[in-house]
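Inspection log for the structure reproduced underneath, given as C-alpha cells.
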Amino acid sequence: MRSDLVAVLSESTLREYADECTLLLSRAFPEEQRVDWAEALSKEAAQADEAADAEAAKPKAREVVTKLVQSATGVVDGTDREVEGVYNLLMALLLQYFDEDDAQFQDLVGHLVQVVGDAQSSTAMERSVIKYRVLANIFNMLSSTSALRLAVFEALLALASVNGDMDFLEMALKSLPTWLAQWNVSIEQKSACLGRVAEALQTTDCRLEHIDKAYEFELLHLRFLSAEPSLPQELRHSAAEKAVANVLRLPKLFEMEELLQVPVTMELGTAPVLALLKVFVSGTRADLEQWLASSEGASTLQRLALDENDLRHKMRLLDLASLCAQSVSAEVSYKDIAQVLDVNVDDVESWVIDVIRAGLVSGKLSQVSQSFRVYRSTYRTFDHAQWASLEQRLTQWQSSIQTLLQTMEQACAPMPQALKPDSTKEASAEAPTAA
C-alpha cells in the first residue's frame, strides 16, 4: 500500500460527478432500467447544485451520494482504470459531504469494502488485482487514525489469503504493528487482527515461505497479550491456546522454545496444550505418546483441531534430529535410527531424507555400511548440556589444530646439515686419501 492519499475533487458540479458515476454503475442494472435510474439521480444532483447555499444543498447532496454508493455492487463491467476511477470518486464524494466520525459515513464505506472485498463470494478470485487496488485506495484515503482502516485491512487480508496472494501485503504486514498503535480500535480488536494475520499466513493457498512470517505473528500476538493485562483472563488464555496450537500445526517449524519465554504462554499453567508444547521443545516420542493416551490429550486434539498423525510425524523428525545432534561428524547406524523412530530398518532412508528436507540435519547416507554420516544437526534447545557438548567439541578441535600446527612446523623446519645429500658428497670429496 502507498502512503496516505488526499481526495481532491476538480471544480465540477455534483450533477457532473453523478453522471460520471452512473455511466459505469448503471451497467449492473437491467438494460431497460439504466437510463431512467441515471436520469433520476442526475436531476436530484442538479437540485442540490441549484440550492441557495452550501448548507442548504448538503442534505440533498448526501442523499445523492448515498444512493450512488449503495448502487455499487462490486467490480462492475468496465476496464480496471474505469473501476478504480469510479470507486475513487465515490470515496472522494463521501469525504466531501460526510464527516469520518459520522455513523452513516462508516456504514457507506463499509458497504464499499464489503462489495469489493467479499472473500466468500463465488467471484472472489476474479479480477483480484483491481480489487486490491480499490481497497488499498480506500484504506489510504481514510485518516491514519480511522477505525475503518482495520475493516479495510482485514478485507484485503481475507481476499489475499483466499487467492494465495499474501505477497501483495508484504509491506503492509511490516507496517501493521505501527498502524495498530494508531487506529482508534479496542484492544480486543487489535488482538483479533494479529490472530487473523497469523492464520491467514497458514492457509493451504499460501506458500511455505510464509511459515516463518506466520510464526512471527503468532509470537507478536502472544507478546501483545502479555503486554495487555487488562484483557479478560479467559480471552487471554483462549487466544494463547489457539496461537500455540497454530504453531504446533505449522508443517516446517521445529524450533518453538521461544514460545515458552512469553509470559502469557506460561500463564496457561497446567493446560494440556502447554504440556504438549513442552514435549515438542524438549521431550521425545514416548512423551508424546503418553500425552496422546491421556483423556485430556484426546479432548485437546479435538478442541484445537490438531492432527494426531501430523504431530507424530513432526516428533519423529525432532527425535531423529536429536539423535544426529549427538553424533555430529560421526556415523549413526540404521539400526539406531530405526529404534529411536520405532520404524522398520527398510523405512530409515525415507525418514532421513524427510529430516534433511526439513532442514534439521545434513549428512550422507551409506547403504553399504547401513549408516548415516552426520555433517550438521539442529538442536531443539540450547541449555547446559548443549554448552558442555560444544565446549568438549571445541576442545577436541583445539587439540587437533595444535597437532596439525606442530606437524606443519616440523615440515617447515630446516633439514640438519649432516642429512643433506649435497653435504655428504662434499664431505666425502674432501676426506684425506689413504697412503
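The values are calculated or read from the model by the stated rules, or taken from the named source; none is laboratory data. If you're wondering where the values come from, they're calculated on a predicted model, not measured in any experiment. Every residue, glycine among them, receives a Cβ derived from its backbone with ideal geometry; neighbour counts consider all protein chains shown.
Results, tabulated for the structure shown:
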item: Filter result for ASP101 (among the charged types (D, E, K, R), without any contact (Cβ under 8 Å) to a residue 60 or more places away in the chain and part of a helix (DSSP H, G or I)); result: no
item: Residue count for segment 322-337, restricted to those that are buried (at least 18 other Cβ atoms within 10 Å of the Cβ) and either without any contact (Cβ under 8 Å) to a residue 24 or more places away in the chain or not in a helix (DSSP H, G or I) (or both); result: 2
item: Scope segment 307-321; condition surrounded by fewer than 19 Cβ atoms within 10 Å (Cβ to Cβ) and either of a type in the set (A, V, I, L, M, F, W, C) or in a helix (DSSP H, G or I) (or both); matching residues; result: GLU308, ASN309, ASP310, ARG312, HIS313
item: Any hit, segment 70-89, residues being small (Gly, Ala, Ser) and more than 20 Å from LEU23 (Cα to Cα); result: no
item: So LEU9, is it under 30 Å from MET171 (Cβ atoms) and modelled with pLDDT under 90; result: yes
item: So THR265, is it β-branched (Val, Ile, Thr), more than 15 Å from the chain's Cα centre (by Cα) and not in a helix (DSSP H, G or I); result: no
